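The values are calculated or read from the model by the stated rules, or taken from the named source; none is laboratory data. For clarity, every value in this text was computed on a predicted model and none was experimentally measured. Here Cβ is always computed from backbone atoms with ideal geometry, including for glycine, and neighbour counts include all displayed protein chains. Please note that ligands, DNA and RNA were not included when accessible areas were found on the heavy atoms of the full protein model with its side chains. Shrake-Rupley method; radii C 1.70, N 1.55, O 1.52, S 1.80 Å.
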Amino acid sequence: MRALHFGIGLAIIFAASWAAAQVGADKRRSGTQDMGEALQKMQDDDTANPGMLFVQLGSQSWAKKAGTADKSCADCHGNAGTSMKGVAARYPAIPKGAEAPVDLDGRINLCRTENQKAERLPPESRELLALEAYVAHQSRGLPIAPPADPRLDAFRDQGAAIYRARQGQLNLSCAICHDDNAGRKLAGVTIPEAHPTGYPIYRLEWQTLGSLKRRLRNCLVGIRAEPYASEAPEYVMLELFLMDRAKGMVLEAPGVRP
Amino acid sequence: MANVLVNAPKTAKRGSVVEIKALIMHPMETGFRPGTMGKIIPRNIIERFTATWNGTEIFDMEMSPAIAANPFVSFFAVASESGTVGLRWTGDEGFVVEERVVIAVE
């Protein structure tokens, strides 16, 4: 009896220390780690990473007056290096007075329409991507930190449900590839863990910068599912889930991807 | 609006070989792709990239439609005297962009 108690005690100690080791050693991998060395170097070199051309463009837009309010982003937000630091790490979020979350480009477009009294910038347009890249770049090196807003839970849960549901003619779920088979090959490509650490990304295949929404549409088309309409709430739900899953991982926008 | 990123050393030892890297935003539209309405999108590429050191040409490159958007060029030069490296891109639709960097040779 005594020996049995001792055994259980040991087992509990082992379990506790094993859990502690798991917390210490983060096994999650950013897509960057799955790329070849040449692409990692391209991402890390600010004069070779083509995403930095868009960051530079974004910094010009930041200072440009627009709309009938005749205000620039800088007129209200000042130096982006301080005012936008950490912002990308905690989006999507629910704006003041609203009930549904918006992603970072949604938030930028809110400022366009409400604060600058200007037209919305079209999705995937160069100016919107450039502003998004410029804002996201201010959080480079910071850990992903989703806000503790309980109103987000329901949206995040919907995102998790989409992530786990099979869909498309190939009848696959995001989880089958990105949880169960991450690290294995799909044709010549390593399946990444799908952490949204580098967005917006410069994807060599696109020859331009693209948003997380565009990346998600690529995966949906890949499994022959109907992609959600441009700016559908499902993208924000998925992003909420992915950001929570990547909580604490370091932002590296603008990322480079093959 | 010119959008260029140049990476060159600010100083160099006389006689040493320096690497100069330049990245420019450009669509490099091939002239072979149909647009969404089925019509061919007109070719719009950078045709030529040249570099000078204190006015003397040190590098000359012809570009073709096969080169991807936002071309990145890296080349080497011998640092023989302090001066200005001039970079110039020219192409379709009257595209001309010039950048310069100063390298101090000691």
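Is at least one residue of the stretch A:163-176 of a type in the set (D, E, K, R) and within 19 Å of A:R215 (Cα to Cα)? Steps first, answer last, please.
Initial filter on the stretch A:163-176 (of a type in the set (D, E, K, R)): A:164, A:166.
Of the ones still in play, those that are also within 19 Å of A:R215 (Cα to Cα) are A:164, A:166.
Looking for residues that are of a type in the set (D, E, K, R) and within 19 Å of A:R215 (Cα to Cα), one finds at least one in the stretch A:163-176, hence yes.
Just for the stretch A:135-153: of the residues that are within 17 Å of the chain's Cα centre (by Cα) and outside any loop (DSSP other than H, G, I, E, B), which one is surrounded by the fewest Cβ atoms within 10 Å (Cβ to Cβ)?
So, considering only residues that are within 17 Å of the chain's Cα centre (by Cα) and outside any loop (DSSP other than H, G, I, E, B), the one surrounded by the fewest Cβ atoms within 10 Å (Cβ to Cβ) is A:P143.
Assess whether A:D45 counts as being in contact with a strand residue (DSSP E or B) (Cβ under 8 Å, 6 or more places away or on another chain) and either facing chain B (nearest Cβ under 10 Å) or of a type in the set (F, W, Y) (or both).
Details: in contact with a strand residue (DSSP E or B) (Cβ under 8 Å, 6 or more places away or on another chain): yes; either facing chain B (nearest Cβ under 10 Å) or of a type in the set (F, W, Y) (or both): yes.
For A:D45, the condition - in contact with a strand residue (DSSP E or B) (Cβ under 8 Å, 6 or more places away or on another chain) and either facing chain B (nearest Cβ under 10 Å) or of a type in the set (F, W, Y) (or both) - is met.
Out of the residues in the stretch A:197-218 meeting the condition of being touching a helix residue (DSSP H, G or I) at 6+ places or on another chain (Cβ under 7 Å) and open to solvent by 10 Å² or more (accessible area, probe 1.4 Å), tell me which one is farthest from A:G106 (Cα to Cα).
A:L216
Go through the stretch A:209-241 residue by residue and tally those that are in contact (Cβ under 8 Å) with a residue 60 or more places away in the chain, outside any helix (DSSP H, G or I) and of a type in the set (S, T, Y).
2
Take the residues in the stretch B:22-41 that are open to solvent by 70 Å² or more (accessible area, probe 1.4 Å) and farther than 15 Å from B:G91 by Cα, then tell me which one is nearest to the other protein chains (Cβ to nearest Cβ). Write out each step before concluding.
From the stretch B:22-41, those open to solvent by 70 Å² or more (accessible area, probe 1.4 Å) are B:27, B:32-34, B:36-37, B:39-40; that's our starting set.
Filter once more, keeping what is farther than 15 Å from B:G91 by Cα: B:32-34, B:36-37, B:39-40.
Working: B:F32: 14, B:R33: 11, B:P34: 17, B:T36: 14, B:M37: 18, B:K39: 20, B:I40: 18 Å.
Among them, the one singled out is B:R33.
Tell me the residue from A:A69, A:A38, A:A100 that is in contact with a Phe, Trp or Tyr (Cβ under 8 Å, 6 or more places away or on another chain) and either over 30 Å from A:D153 (Cα atoms) or in a loop (DSSP other than H, G, I, E, B) (or both), please.
On the way: A:A69 fails: in contact with a Phe, Trp or Tyr (Cβ under 8 Å, 6 or more places away or on another chain); A:A38 fails: in contact with a Phe, Trp or Tyr (Cβ under 8 Å, 6 or more places away or on another chain).
Of the residues listed, the single one that is in contact with a Phe, Trp or Tyr (Cβ under 8 Å, 6 or more places away or on another chain) and either over 30 Å from A:D153 (Cα atoms) or in a loop (DSSP other than H, G, I, E, B) (or both) is A:A100.
Quick one: which of A:E114, A:E132, A:E99, A:E124 is farther than 21 Å from A:I201 by Cβ, of a type in the set (D, E) and in contact (Cβ under 8 Å) with a residue 12 or more places away in the chain? Quick ask: steps written out before the conclusion?
On the way: A:E114 fails: in contact (Cβ under 8 Å) with a residue 12 or more places away in the chain; A:E132 fails: farther than 21 Å from A:I201 by Cβ; A:E124 fails: farther than 21 Å from A:I201 by Cβ.
From the options A:E114, A:E132, A:E99, A:E124, the qualifying one is A:E99.
Restricting attention to the stretch B:42-54, does a residue exist that is more than 11 Å from chain A (Cβ to nearest Cβ), more than 14 Å from the chain's Cα centre (by Cα), within 22 Å of A:A130 (Cβ to Cβ) and surrounded by 15 or more Cβ atoms within 10 Å (Cβ to Cβ)?
Yes, some residue in the stretch B:42-54 is more than 11 Å from chain A (Cβ to nearest Cβ), more than 14 Å from the chain's Cα centre (by Cα), within 22 Å of A:A130 (Cβ to Cβ) and surrounded by 15 or more Cβ atoms within 10 Å (Cβ to Cβ).
Which count do you get for residues in the stretch B:6-21 that are more than 8 Å from chain A (Cβ to nearest Cβ) and in a strand (DSSP E or B)? If you could, list the steps in order and put the result at the bottom.
Our first condition is that a residue be more than 8 Å from chain A (Cβ to nearest Cβ); within the stretch B:6-21, this holds for B:8-20.
Imposing the further condition that a residue be in a strand (DSSP E or B) reduces the set to B:11-12, B:17-20.
Qualifying residue count for the region: 6.
Could you give me the residue pairs with C-beta distances under 6 Å whose first residue belongs to the stretch B:64-88 and is within 14 Å of chain A (Cβ to nearest Cβ) and among the hydroxyl-bearing types (S, T, Y), whose second residue is assigned to a strand (DSSP E or B) and surrounded by fewer than 17 Cβ atoms within 10 Å (Cβ to Cβ) wherever it lies, and which are 6+ apart or on separate chains?
B:S74/B:K21
Name the residue, out of A:R120, A:R156, A:R164, that is surrounded by 12 or more Cβ atoms within 10 Å (Cβ to Cβ), in contact with a helix residue (DSSP H, G or I) (Cβ under 9 Å, 6 or more places away or on another chain) and over 20 Å from A:Y91 (Cβ atoms). Outline the logic, then answer.
Working: A:R120 fails: over 20 Å from A:Y91 (Cβ atoms); A:R156 fails: over 20 Å from A:Y91 (Cβ atoms).
When all the criteria are applied, what remains is A:R164.
Does the stretch A:21-42 hold any residues that are aliphatic (A, V, I, L, M), free of Cβ contacts under 8 Å to residues at least 12 places away in the same chain and either within 14 Å of chain B (Cβ to nearest Cβ) or open to solvent by less than 60 Å² (accessible area, probe 1.4 Å) (or both), and which are they?
Listed by number, the residues that qualify are A:A21, A:A25, A:A38.
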